1. Kindly provide the helix-only [θ] at 222 nm of the chain, computed as the sum of -39,500 (n - 2.57) over DSSP H runs of four or more divided by all residues, to the nearest 500 deg cm²/dmol?
2. Using only alpha carbon pairs under 8 Å that are at least six residues apart, calculate the relative contact order of the chain and give it in whole percent.
3. Tell me, what is the FRET efficiency for residue 76 and residue 237 to the nearest 0.05, using R0 = 35 angstrom and their Cβ-Cβ distance as r?
4. For residue 7 and residue 258 in the same chain, what is the full-extension length gain: residue separation times 0.36 nm, less their Cα-Cα distance, in nm?
5. What FRET efficiency comes out for the pair residue 109/residue 249, r = Cβ-Cβ distance, R0 = 56 Å, nearest 0.05?
6. Arrange the following residues from fewest to most other Cβ atoms within 10 Å of their Cβ: 77, 309.
7. What does the convex hull of the Cα atoms of the chain come to per residue, in Å³, rounded to a whole number?
8. Grab the beta carbon distance between residue 283 and residue 29, set R0 = 41 Å, and tell me the FRET efficiency rounded to 0.05.
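Just so you know, all these numbers are worked out from the coordinates, no wet-lab data involved. These numbers were taken from a predicted model, which means no experiment stands behind them. Please note: Cβ atoms are built from the backbone with ideal geometry, for glycine as well, and neighbour counts cover all protein chains shown.
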Amino acid sequence: MKKAYDSGKLNELAQRVLKVLQQPVTDDNLKGHLSMDNWEWPSGVALYGIFKTYESTGDEEILAYLKAWYARELAKTPPHRNVNTVAPMLTLSCLYQVTGDESYLPHIESWADWVMNTMPRTEFGGLQHMTVWNKHYQQLWADTLFMTVLFLLKTGLVLKRPELVEEAKFQFLIHIKYLQDKRTGLWVHGWTFDCRHDFAGAHWARANCWFTAAGAELLSLLPQEDASTRLIRAALEDQIHSLWKLQRENGLFTTLLDVEECYEETSATAGIAYGVLKLVRLCLIDDGYREMAEKAADAVIGKISPDGTVTGVSTGTGMGHDLQHYKDIAICPTAYGQGLTFLMLTELESALKQRGQCQ
């Protein structure tokens, strides 16, 4: 790496990033982006990053924060069920595994059964990317892998329900089939079976990061190789080789990966760094990609302000019908930007500890 980081420095950075989420958001312009006082996907991504920080450090204060968050949010009126509101359930399954708190179990089982039996499907059984505002009829989005499918996978493993694990693997495979560009290995944002096209054909950076990060998670949780995991691993290798060629000299990736005039985007860079660092550590991709991941991590760390705010993050991005849509997305601090940075920092620490060794 260009800079030397020890565990103390990485933990200090993680504490700064966490502090931003623990504080009340007073700026009205940021409340919809940075606040943790809701049950939505930005909070869900942040919670998983926070949990991974607890898992890495054993810090009981972080565990207490997570338990308090779920106690508060589960006491509220249940949210509308959709792809994005499944996201906080991933960390609840992790908490159940760690704490054994039986009060979590009915919620976990209810949401898993809803995804399996009620959530709308596309042709051939893909999970339709329905949100609170739009059912997105017959649409597959890359985001779904992180927001919903990882929950199915983790819950299947924790509750010993193999049908959930198999469904999670199937969802990865059908998303790979329709969203990975065969010419480049990069991912498009989405696909519609209704009109049978990939919208703008945009190689949007955060769509790619959702696959890199979620794919690395899946392979780390399923160490026993089978036909599905072999294909997922091959898809990751294909994608990461193209990402390596498109990384900016400063380590960042642009919000449209292969459009040079686009702005650089931090959250996608963090998610990509996380996934690649993990895959290298597990010896699932060539060690030569370590330099790319560490360069990206350096760049993201450079985007953490003194108060812990992760800068250079694009706001929530709906499906675009042209490339200009992605170029025009505003930049502002977000909970998921903080969360993806948590994930990267924890994996960076693991990678530094085990450099040159496979886990």
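1. Value at 222 nm, helices only: -18000 deg cm²/dmol.
2. Reported as a whole number, the value is 21 percent.
3. 0.25
4. Result for the pair: 86.9 nm of gain on full extension.
5. For R0 = 56 Å, the calculated efficiency reads 0.70.
6. On the way: 77 5, 309 20.
Ranked by crowding around the Cβ, least crowded first: 77, 309.
7. In the chain, the Cα hull volume divided by residue count equals 130 Å³.
8. 0.40
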